[in-house]
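Take a look at the structure set out below.
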Amino acid sequence: MAHLIAPSLLSADFARLAQAVELVHHSPAPWLHLDVMDGLFVPNISFGPPVIKAIRPLTNKVFDVHLMIMDPDRYIGAFRDAGADRLSVHLEACTHLHRTIQAIKAAGMKAGVAINPHTPVHLLTEVLTDLDQVIVMSVNPGFGGQRFIPGTYRKLNALAEMRQVHGATLQIEVDGGVSLENYAEIADHGADALVAGNSVFGAPDPAAAIRSMSA
C-alpha cells in the first residue's frame, strides 16, 4: 500500500526551524507534522499557534497538526488561523469527542483523532465515518526518540479492518519510533501516513532519509 512521510518538526533544531521547514519543502514528503504539547496532557511543552503561523509562509506543504493538549476545543480557531490544514485531537483529552470533530470540520480543516498506546481502537467505532484520519501512537506521547511499541501492529490491523467494515475513508497515521528499519512493515500493516522525527532530523542526511522512507 502506498504511504506518505510526515516529518515531525519536534525533532528539528528549534534554533533553525526555517531551515528544517525548507528541507521538508524541497523533499517528497507532502505533510509537515507539528506536535503541540501543553505540559499537562503530556509531560513536555513544545510550541503553539504563533510558531506555526510564523513558518506557514515558508512552505505550501500540508500542516498536519497534532494537539497533545487538554481542552483542545478552546484552540480550534487559533490553529486554523495559524495555518493548520489537518487538526488531530486526543480521544483521551476530549469529553465530547463528536462535537470536537464537528467543530474542527466546521472551521475548514480535516479532522483527526489520536489514540495513546493503551487505548483500544474499538473506542473509535461511533466516530469512525466522521474522521479524516486516526493517529495511532506507537510510543507514549510527549517526547521524541522513543522505541516503537510492537503491539501497534495489532492495532493497525484492527483499525484497517474497522475502516473496511464501516466503509470509512479515513487515513491511518502512525506516530512514534518510525525508522528506516521498520517503516515498510508499518506501511504493510495498513498505515497510510508515517510520522518521522529523529529518523529524519537526526539522520546524517535528512533529505536522503525522507527519500528512502518515501519509497
Worksheet entry | Candidates Phe47, Phe63, filtered to the one that is more than 17 Å from Ile135 (Cα to Cα), aromatic (Phe, Trp, Tyr), buried (at least 17 other Cβ atoms within 10 Å of the Cβ) and under 18 Å from the mean Cα position of the chain (by Cα) | Phe47
Worksheet item: Consider Pro72 against the criteria (1) under 20 Å from Asp192 (Cβ atoms); (2) crowded, with 22+ Cβ neighbours inside 10 Å; (3) without any contact (Cβ under 8 Å) to a residue 40 or more places away in the chain: it satisfies all of them except one. Which criterion is unmet?
Response: (1)
Worksheet item: If you go through the range 128-146 one residue at a time, do you hit one that is more than 30 Å from Pro50 (Cβ to Cβ), modelled with pLDDT of 95 or more and more than 16 Å from the chain's Cα centre (by Cα)?
Response: yes
Worksheet entry | Sole residue being under 24 Å from Ile149 (Cα atoms) and modelled with pLDDT of 95 or more, chosen from Leu124, Leu97 | Leu124
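Yes or no, residue by residue, for (1) among the small types (Gly, Ala, Ser); (2) in contact with a Phe, Trp or Tyr (Cβ under 9 Å, 6 or more places away or on another chain); (3) more than 29 Å from Met70 (Cα to Cα):
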| position | (1), (2), (3) |
| --- | --- |
| Gly142 | yes, yes, no |
| Pro150 | no, no, no |
| Leu156 | no, no, no |
| Leu159 | no, no, no |
| Ala187 | yes, no, yes |
| Ala193 | yes, yes, no |
Worksheet item: Within the range 132-142, is even one residue surrounded by fewer than 20 Cβ atoms within 10 Å (Cβ to Cβ) and more than 13 Å from Asp175 (Cβ to Cβ)?
Response: yes
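Could you say whether any residue in the range 196-205 is surrounded by fewer than 23 Cβ atoms within 10 Å (Cβ to Cβ), hydroxyl-bearing (Ser, Thr, Tyr) and under 28 Å from Gln19 (Cβ atoms)? Spell out how you get there, then give the answer.
Quick first cut of the range 196-205, residues surrounded by fewer than 23 Cβ atoms within 10 Å (Cβ to Cβ) only: 198, 201-205.
Now drop any that are not hydroxyl-bearing (Ser, Thr, Tyr), which leaves none.
No - not one qualifying residue is present in the range 196-205.
The values are calculated or read from the model by the stated rules, or taken from the named source; none is laboratory data. It should be emphasised that the depicted structure is a prediction, and the values quoted were computed from it without experimental measurement. Because the Cβ atoms are built from the backbone with ideal geometry, glycine has one as well, and the counts that use them run over all protein chains shown.
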